[in-house]
1. Starting from region 284-302, keep only residues that are within 24 Å of ASP97 (Cα to Cα), then list their pairs with residues that are among the aromatic types (Phe, Trp, Tyr) and not in a helix (DSSP H, G or I) whose Cβ atoms are within a distance under 8 Å, requiring at least 6 positions of separation or different chains.
2. Only residues that are free of Cβ contacts under 8 Å to residues at least 40 places away in the same chain and of a type in the set (Asp, Glu): list them for region 118-153, please.
3. Is one or more of the residues making up region 198-221 buried (at least 17 other Cβ atoms within 10 Å of the Cβ) and closer than 20 Å to GLY403 by Cβ?
4. What single numbered condition from (1) surrounded by 19 or more Cβ atoms within 10 Å (Cβ to Cβ); (2) among the charged types (D, E, K, R); (3) under 14 Å from THR255 (Cα atoms) fails to hold for ASP332?
5. Hey, can you tell me all the residues within region 343-373 that are part of a loop (DSSP other than H, G, I, E, B), over 15 Å from ARG402 (Cβ atoms) and in contact with a Leu (Cβ under 6 Å, 6 or more places away or on another chain)?
6. Any chance region 154-170 includes a residue that's closer than 30 Å to ASP384 by Cβ, assigned to a helix (DSSP H, G or I) and free of Cβ contacts under 8 Å to residues at least 24 places away in the same chain?
7. For region 280-304, give me each residue that is within 23 Å of VAL324 (Cβ to Cβ) and in a helix (DSSP H, G or I).
8. Take the residues of region 115-140 that are among the small types (Gly, Ala, Ser) and surrounded by 14 or more Cβ atoms within 10 Å (Cβ to Cβ): which is nearest to HIS253 (Cα to Cα)?
Amino acid sequence: MPDTSRPEELVYDPTDPAVMADPFPVYARLREEDPVHWSPSLRSWIITRYTDVRDLLLSDTMSVNRLLQFYESLPPADAMLLRDIVHYLNLWLAFRDPPDHTRVRRIMRHAFTADAIATMRPQIHEISDLLLDRLAAAGTDDVDLIREYALQLPAFVIMDLLDVPRDMLDEFKEWSDDMAVFIGGARNSDDKYERAARGCRHMSDYFRKLIEERTANPKPGFLMDLINARDEGDKLSDDELVATCILVLFAGHETTTNLIGNATLLLLRHPEQLDRLRADPELVDPMIEEVLRFDGPTNALVRVVARDHDLHGRTLREGERVFVMVNSANRDPRMFDDADRFDITRDQNRHLTFGQGIHLCLGAKLAREEGRIAVRKLFERFPDLTLNPAEPPEWLDAMVPRGTRRLPVRLNG
């Protein structure tokens, strides 16, 4: 059993609505009083200081291959239900250690090139304009910005990337949401195994058929690049291709949705920073980096202890689960001056939002590009945009992603 001694009054409860809305006060206490915190409710370690988070993300004492142990501990009925989703998730880069991770990432980099991202820029502009035109023509000032803009923009970008028709958005959103309750660590979903299995089944069946069709009838684009990607003659297997398509669609839209939503919320809550951005549009790049640091779309990353080791007097034992709290690390005053101040002119912004080392996010460049375009165009089109005072934002109930489920705004003040 882990050493669970800690300050009695200090308990991290991610299901508390107040913590969902603003976890940073409890993160500050954890950093100071209990930086290696055992959570009985999560049955996991909670790591909150910047250097500890960074070092653990880089350390070979940690593993990302956390699904096998979990799967083998399930009752037979649950194991059968989750068989397919665990199979495909185990093929994701995010859940593979070297040498498997090294091999797959080496192949995938031939599709995720800087040129491939650059060719998407006109499409991102086109999609943003399309969605903003719809908002302007809707005839109502009160909208949920997540549903009507922040979700659709990155979803359409990724669907275009993978040759998925845009009119399938509702189906893919449903499948993705079903998987998210399992992957994202949702706490209050009794049927999450059934939903995850259903979402994975629909998505894997769709992509398997699409890959077969595209292989038989080649068409230039990212999906074809992924199918053809090779490194020293090695290529992705059919199951790896399906798993990669699911990963690109799932991770590619969720993270960016939260980035756009969080950026909009922060700028509206800090009007002096929005005024700075309007006065100097060149600040859009550091603005995105500051959003990623101050309240980024990745709350935590999950690891499993690969071998016993000590950290700040606690022994982390092989097989125990660890949440490395990226959003806490990004507010650590040991690393960032005036860490709790949102400042879009901040320099030396070495946040950890996209990870570190070999698991650095392959889609980070695309997410940044989408965020820059989406936020800039939104405030240009609706300069009087405000939060809806009658409806507060609704935050996601999840450990890993960080964002709003709903962000009610008024387009014209």
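The values are calculated or read from the model by the stated rules, or taken from the named source; none is laboratory data. The model shown is predicted, which means the values in this text are computed figures rather than measured ones. FYI the Cβ positions are ideal-geometry reconstructions off the backbone, even for glycines, and counts take in every protein chain you see.
1. From residues that are within 24 Å of ASP97 (Cα to Cα), the pairs are THR298/PHE354; ALA300/PHE323; LEU301/PHE323; VAL302/PHE323.
2. GLU126, ASP133, GLU148
3. Scanning region 198-221, I find at least one residue that is buried (at least 17 other Cβ atoms within 10 Å of the Cβ) and closer than 20 Å to GLY403 by Cβ, so the answer is yes.
4. Evaluating ASP332 over (1) surrounded by 19 or more Cβ atoms within 10 Å (Cβ to Cβ); (2) among the charged types (D, E, K, R); (3) under 14 Å from THR255 (Cα atoms) leaves (3) as the failure.
5. First, pick out the residues of region 343-373 that are part of a loop (DSSP other than H, G, I, E, B): 343-356, 360-363.
Going one step further and asking which of them are over 15 Å from ARG402 (Cβ atoms), we end up with 343-350, 356, 360, 362-363.
Result: ILE344, GLN356.
6. yes
7. Of the residues in region 280-304, the ones within 23 Å of VAL324 (Cβ to Cβ) are 288-304.
Hits for region 280-304 are ILE288, GLU289, GLU290, VAL291, LEU292, ARG293, PHE294, ASP295.
8. Filtering region 115-140 for residues that are among the small types (Gly, Ala, Ser) and surrounded by 14 or more Cβ atoms within 10 Å (Cβ to Cβ), the one nearest to HIS253 (Cα to Cα) comes out as SER128.
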